[in-house]
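One structure is given below, encoded as structure tokens.
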Amino acid sequence: MNKDLVIGLEVHLQLNTGKLFCRCPVSGTDQITGQISRRLKPTSGESGLVDRAAIYEEERSRAFDYVLTDNTCLVEIDEEPPRPMNPHALSAALKIAATLKCSILEDIECMRKIVIDGSNTSGFQRTSLIAMNGSLDTERGKVRISSVCLEEDSARKIAEEDHMVKYSLGRLGIPLVEITTEPDIKSADHAIEVARLIGLSAMITGLITKDSDSIRQDVNLSMGYGRVEIKGISRLSQIKEAIESEVSRQQSIARASEIIKKRGGFNRSYLEFIDVSDLFEGTGSILVKKGLSEGKRIFAACLENMNETLKQDDVRMGQEIADIARAFSVGGVLHSDELPGYGIDDSTVKTISKKTGRGVNDGILLVITTKRTADILSREIASRITKLIKLDLQETRFFSDKGRTAYLRPLPGAERMYPETDVKPFHVTNEDLKEAIDFGKLSAEERIDKISKDYGISRQDANTIVTNMRLPIFLALGEFIPFRSASRLILQKIPEVERKMGKSIEDEKIIWLVQSIVKHGLDVTSVEAGFEILSSGAEMKSIPESGEIVPLSQNELRDLIGDIKKNNPGIRQGSLMNEIRKKTRRPFDPRTVISIADL
Amino acid sequence: MSGQSLPPSGSKLQIEHDGQELHVTFIKEDSGYGVFKLASGYNVRFPLADVKIIKIYDISQDHRKTMKEETNIGRGAHRISLLSTGGTISSRVDYTTGAVRPTKDLSFIREAISDLEDRINLRTEIIDSILSENMTPSHWIKISHDIKKAMESSEAVVLLHGTDTMSYTASALSFMFEKQTAPVIMTGSQRSSDRPSSDAFENIESSIRFSLENIGEVGICMHANSSDGSAILIRGVRARKMHTSRRDAFKPMGDGEIGRITDRRTFIKNIRKKTDSSIELFDQLDKRCGIFYFTPASTEEELENFSRGKKAVVIMATGLGHVAEALLKKIRDLSDSGIHIVITSQCLNGRVDLDVYASGRNLSASGAIPVEDMLPETAMVKSMYVLKKDPDNFAKLMQSDMRGEITLRSDTVEIR
């Protein structure tokens, strides 16, 4: 890999402590309770400057629809000021910071980070810097932690059409701990190790949600062409994919830049789009036909000196142009390296070449859109090409489901931050500070060792319990049954039952069932029997009272074994157990069977 | 930083804190703390005693967009005056105190109305810069003079106002302007204009759209619901703030809705048209009026103390307009001594009626003046006006409709 490659990570983890600035629960049923629509405008921060990422969003001028769910209140729809910061979330974040050996800030000021892509109803994300200057020991050396922030999670995008984006508000306001490293990461594999260790340091608190997107990584990457932030990497394995695809993209742009510069460069501040819709009357191109039927027009422009840099083996500038068009909700983009094609014949391409004044080194771009959007794209595309050829590649990208990174927005500056005046700055209490520092005395790995030792379970089980976010339920069940049994129940029995049922059982229900069975003077054998009959469709409420979870008494076993032996005189031990299970679902002690059967 | 002099706000510094060197922007001092902005944009607060300044760089340029106190926006034919009194709508973050407060920067208005620039020629003027909880009847009179002046030179007046007492000002202006040659559209916002989600932008845009209509009264224009995209115009004497924080806090009470904008289309109903003759402004108010909220714990003594020095007391009574029997004698005494006792209801919706129950009849017999379905706040402001306008006919005028504050027919509108 490139020796100039510099990598840093931002890891985001959701806390299960209740939302950060209101008293809504973190999880809801996703039941829709209403819908509103809003618009957002960029505003200037403390310095009077407007954030460039915000201006970019404004130019895209979109309306946002928000779906309300049963875990949203007036705070999420920006109709009520935030409540004071959730102390449980703060305490969890401080513990994570301490585990990462950060120095905790004793005075916390909440900021507004301007985000007007609609993912926050207020137009900003509330975020607080809570700790700085930590470090993480890895197999490839020390990685410095620059900061730990506690912020609000954004709303989840559920649909996007022309100039309209729809979000669900259930996720908005969930506390998110953001851990940022310095660019000390040496390779994609190293990045995976760092992300895993950071994740572990957070999971060890037992306060990370179990949601599928509870942990998200952003990669900060530079190979000397400016910092690129790649967002939205939810699986550890994707970190490597994202880094490798971005490195190859930047190398490809560097090659394209060299070719184009050699030919005299790209010297346009806008593309001269001409309407060539007339050439497509009765066209065989499905893409063009669809656009025309939607009332759109076909615009063509010459791409100076860009012939054969748009889509060749190792240069793909066409993709870069398509990305920026997509950001303005334009999907219909074609270029000369893929033409003739898409139902467009050679003679049409020639006519367009002539009309646009295409020279031998020039490429052609076709865009299917409205006049108004074409006017905007004319400048946006030209400025993007100019920027790329200058090898100024800094921007925010995202990791798409196609396994590559794609353009998201300009990299935001410090202008996007100003104080959240609705939340008063506050002092971290001595108790919180002390609790966090005490917690941070052990690293995550040491803490897993301790769990293994303290509760008499294997280290591997301890690790699985932590990384599957099962620590809270493990500790809760330990109140009623031995920890080893709790571990077996959580790691084996319950997943098995959930597979059979085809759905997961809520933690509160698991705890209730275990507690209710144990209250009847029954032990873990009955608990497992209880879960077994749950999986065969029994109603949970009825289980603690059910006779089917009561173990067979010695007498009952003796009668049963007597019956079985009468029919199968020479029966073996293993078959005997199976025969008993066939006759009853009730639990029994195998040792008693052996002593009675006298085999 | 003890013993070191503080640089001006905005200076770029290199500081040392807790053994770490940081490049920061100095924001402010706050009771022994220094607030600094890091390169990442986050603010940090350190006790000044723990901070050592290593180096001070140049003070950054002030990039803030500013606007003169008076300015013109748009190149259209319709001359509209926009007067700002302050309130959340013209408020921004004050980076020195960290609080939100009114500023003299109205530059955001240009962005709010870019769609209308071809139709209007908007002259903006800051006539005051206060939060509406600090408004007094003297302010109403001053505002009425500013509006009259603006009305003489333009086709419509838009007034930016804090929302807390906006309906009081709206009522006062409604009565004081006996004839108006232009609409007076008041608007405010529930989210300050420094927030991307502020309702200020749409509220101003909608107010200007309403101001292009033939309206000869004072209305309040705010969001019609929690979504952007629709606005409501409420008759000044019929508006009430019914929520502390929502965008659609203002509700028309009774048949107070006189206009609506949906998808940039304006609908007007049931309005008084503007007069072709000259403006008639009656700029006198008797401030010796107040609202007494009756509760089961209210005593004669309390009512007496409250009424001291007043010329009219509006009682917010219960239900149809009832107060405890124990207060009846005091009400009669006050009434006999020349203090007008006006009866409205805490229910806010519906009409007072002192004929249904004996307690109501006794209250009526004590000289109290029931004022139909008039809102308590409107009744107080109207008392101020009537006490100067025609004190001899106080009861009669209070009980007749002057600006839409009383309707004799209760429409079957939705009860809010």
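The values are calculated or read from the model by the stated rules, or taken from the named source; none is laboratory data. Since we're looking at a predicted model, the values are computed, not measured. Virtual Cβ from ideal backbone geometry, glycine too; neighbours counted across all protein chains shown. Please note that ligands, DNA and RNA were not included when accessible areas were found on the heavy atoms of the full protein model with its side chains. Shrake-Rupley method; radii C 1.70, N 1.55, O 1.52, S 1.80 Å.
In the stretch A:13-40, the residues that are within 14 Å of chain B (Cβ to nearest Cβ) reach residues that are open to solvent by 70 Å² or more (accessible area, probe 1.4 Å) and at pLDDT 95 or above with C-beta atoms within less than 9 angstrom, at least six apart or across chains, in these pairs: A:Phe21/A:Arg83; A:Phe21/A:Pro84; A:Cys22/A:Arg83.
Being of a type in the set (Ser, Thr, Tyr) and loosely packed, with under 15 Cβ neighbours inside 10 Å is the filter here; which residues of the stretch B:244-274 pass it?
Step one: filter the stretch B:244-274 for residues of a type in the set (Ser, Thr, Tyr), giving B:244-245, B:262, B:266.
Hits for the stretch B:244-274 are B:Thr244, B:Ser245, B:Thr262.
Are any of the residues in the stretch A:68-90 modelled with pLDDT under 95 and open to solvent by 30 Å² or more (accessible area, probe 1.4 Å)? Yes.
Residue count for the stretch B:387-416 satisfying the condition of being open to solvent by less than 50 Å² (accessible area, probe 1.4 Å), in a helix (DSSP H, G or I) and without any contact (Cβ under 8 Å) to a residue 60 or more places away in the chain: 3. Every test in (1) within 30 Å of B:Val352 (Cα to Cα); (2) open to solvent by 10 Å² or more (accessible area, probe 1.4 Å); (3) touching a helix residue (DSSP H, G or I) at 6+ places or on another chain (Cβ under 7 Å) is passed by B:Glu205 save one, and that test is (1).
Can A:Gly318 be described as assigned to a helix (DSSP H, G or I), touching a Leu at 6+ places or on another chain (Cβ under 8 Å) and either under 14 Å from A:Leu334 (Cβ atoms) or open to solvent by 10 Å² or more (accessible area, probe 1.4 Å) (or both)? When the stated conditions are applied, A:Gly318 passes them. Residues of the stretch B:159-170 include none that is within 14 Å of chain A (Cβ to nearest Cβ), among the charged types (D, E, K, R), under 28 Å from A:Leu74 (Cβ atoms) and open to solvent by 10 Å² or more (accessible area, probe 1.4 Å).
Based on this model, can you work out whether B:Gly76 counts as surrounded by fewer than 17 Cβ atoms within 10 Å (Cβ to Cβ), more than 10 Å from chain A (Cβ to nearest Cβ) and either at pLDDT 85 or above or assigned to a loop (DSSP other than H, G, I, E, B) (or both)? Answer is yes for this residue.
Considering (1) out of contact with any helix residue (DSSP H, G or I) (no Cβ under 7 Å at 6 or more places or on another chain); (2) within 28 Å of B:Gly219 (Cα to Cα); (3) among the polar types (S, T, N, Q), the lone condition that B:Ser364 does not fulfil carries the number (2). Out of the stretch A:118-141, which residues are open to solvent by 10 Å² or more (accessible area, probe 1.4 Å), facing another protein chain (nearest Cβ under 8 Å) and of a type outside the set (S, T, N, Q)? The one that is open to solvent by 10 Å² or more (accessible area, probe 1.4 Å), facing another protein chain (nearest Cβ under 8 Å) and of a type outside the set (S, T, N, Q): A:Met132.
Quick check on the stretch B:347-359. Is at least one of its residues of a type in the set (S, T, N, Q) and more than 26 Å from B:Thr412 (Cα to Cα)? Quick ask: steps written out before the conclusion?
Within the stretch B:347-359, the subset of a type in the set (S, T, N, Q) is B:349, B:359.
Add one more test, that the residue is more than 26 Å from B:Thr412 (Cα to Cα), and what stays is B:359.
Yes; the residues of the stretch B:347-359 include at least one that is of a type in the set (S, T, N, Q) and more than 26 Å from B:Thr412 (Cα to Cα).
Selection of first residues in the stretch A:499-514 that are within 25 Å of A:Val550 (Cβ to Cβ) and of second residues that are among the hydroxyl-bearing types (Ser, Thr, Tyr), restricted to Cβ pairs under 7 Å at least 6 apart or on distinct chains, gives the following pairs, ordered by first then second residue: A:Lys500/A:Ser535; A:Met501/A:Ser535. Just one residue in the set B:Val381, B:Val313 is in contact (Cβ under 8 Å) with a residue 24 or more places away in the chain and either outside any helix (DSSP H, G or I) or over 29 Å from B:Lys251 (Cβ atoms) (or both); that residue is B:Val313. Does the stretch A:259-277 include one or more residues that are crowded, with 18+ Cβ neighbours inside 10 Å, aliphatic (A, V, I, L, M) and farther than 21 Å from A:Ser378 by Cα? Scanning the stretch A:259-277, I find at least one residue that is crowded, with 18+ Cβ neighbours inside 10 Å, aliphatic (A, V, I, L, M) and farther than 21 Å from A:Ser378 by Cα, so the answer is yes. Remark: B:Val381 falls outside the filter, which requires a residue to be surrounded by 15 or more Cβ atoms within 10 Å (Cβ to Cβ), touching a Pro at 6+ places or on another chain (Cβ under 9 Å) and either within 25 Å of B:Glu301 (Cβ to Cβ) or among the basic types (Lys, Arg) (or both).
Scanning the stretch B:175-202 for residues that are under 12 Å from B:Val158 (Cβ atoms), touching a residue at least 60 places away in the same chain (Cβ under 8 Å) and part of a strand (DSSP E or B) turns up just one, B:Thr187. The residues of the stretch B:1-45 that are assigned to a strand (DSSP E or B), over 39 Å from the mean Cα position of the chain (by Cα) and either on the phi > 0 side of the Ramachandran plot or within 8 Å of chain A (Cβ to nearest Cβ) (or both) amount to a single one, B:Gln20.
Among the conditions (1) in contact with a Leu (Cβ under 7 Å, 6 or more places away or on another chain); (2) open to solvent by less than 60 Å² (accessible area, probe 1.4 Å); (3) in contact (Cβ under 8 Å) with a residue 24 or more places away in the chain, A:Ile564 misses just one, which is (3).
Only one of these is assigned to a helix (DSSP H, G or I), surrounded by fewer than 14 Cβ atoms within 10 Å (Cβ to Cβ) and of a type in the set (Ser, Thr, Tyr): A:Ser516, A:Ser526, A:Ser542. Name it.
Details: A:Ser516 fails: surrounded by fewer than 14 Cβ atoms within 10 Å (Cβ to Cβ); A:Ser526 fails: surrounded by fewer than 14 Cβ atoms within 10 Å (Cβ to Cβ).
When all the criteria are applied, what remains is A:Ser542.
The residues of the stretch A:409-432 that are open to solvent by less than 50 Å² (accessible area, probe 1.4 Å) and either among the β-branched types (Val, Ile, Thr) or away from chain B (no Cβ under 14 Å) (or both), listed by number, are A:Arg409, A:Pro410, A:Thr421, A:Val423, A:Val428, A:Asp432. Scan the stretch B:227-239 for residues that are surrounded by fewer than 23 Cβ atoms within 10 Å (Cβ to Cβ) and more than 14 Å from chain A (Cβ to nearest Cβ) and the total you get is 0.
I'd like the residue in the stretch A:16-36 that is touching a Lys or Arg at 6+ places or on another chain (Cβ under 8 Å) and not aliphatic (A, V, I, L, M) and, out of all such residues, is nearest to A:Gln125 (Cα to Cα).
The initial filter retains those residues of the stretch A:16-36 that are touching a Lys or Arg at 6+ places or on another chain (Cβ under 8 Å), namely A:16, A:20-23, A:25-26.
Still in the list and also not aliphatic (A, V, I, L, M): A:16, A:21-23, A:25.
Working: A:Asn16: 19, A:Phe21: 11, A:Cys22: 14, A:Arg23: 17, A:Pro25: 19 Å.
The extreme case among them is A:Phe21.
Might you let me know whether the stretch B:324-337 holds any residue that is assigned to a loop (DSSP other than H, G, I, E, B) and more than 22 Å from B:Asp353 (Cα to Cα)?
Filtering the stretch B:324-337 down to residues assigned to a loop (DSSP other than H, G, I, E, B) leaves B:324, B:337.
Adding the requirement that they be more than 22 Å from B:Asp353 (Cα to Cα) leaves B:337.
Scanning the stretch B:324-337, I find at least one residue that is assigned to a loop (DSSP other than H, G, I, E, B) and more than 22 Å from B:Asp353 (Cα to Cα), so the answer is yes.
Could we say that B:Ala224 is within 14 Å of chain A (Cβ to nearest Cβ) and open to solvent by less than 10 Å² (accessible area, probe 1.4 Å) here? Spelling it out, it is not the case that B:Ala224 is within 14 Å of chain A (Cβ to nearest Cβ) and open to solvent by less than 10 Å² (accessible area, probe 1.4 Å). Can you pull out every residue in the stretch A:440-449 that is farther than 16 Å from A:Ile130 by Cα and surrounded by 13 or more Cβ atoms within 10 Å (Cβ to Cβ)? Once the filter is applied, which keeps residues that are farther than 16 Å from A:Ile130 by Cα and surrounded by 13 or more Cβ atoms within 10 Å (Cβ to Cβ), the stretch A:440-449 yields A:Leu442, A:Ser443, A:Ala444, A:Glu445, A:Arg447, A:Ile448, A:Asp449.
Comparison of B:Ile215, B:Ile208 shows that the only residue that is farther than 19 Å from B:Met384 by Cβ, modelled with pLDDT of 95 or more, assigned by TED's automatic domain parsing to the domain that holds B:Lys269 and not in a loop (DSSP other than H, G, I, E, B) is B:Ile208.
Kindly state which strands (runs of 3 or more DSSP E) lie completely within the stretch A:352-409 and contain at least 3 residues that are out of contact with any helix residue (DSSP H, G or I) (no Cβ under 6 Å at 6 or more places or on another chain). Give the steps one after another, and end with the answer.
Details: elements: A:363-369, A:395-399, A:405-409.
Those strands (runs of 3 or more DSSP E) span A:363-369, A:395-399.
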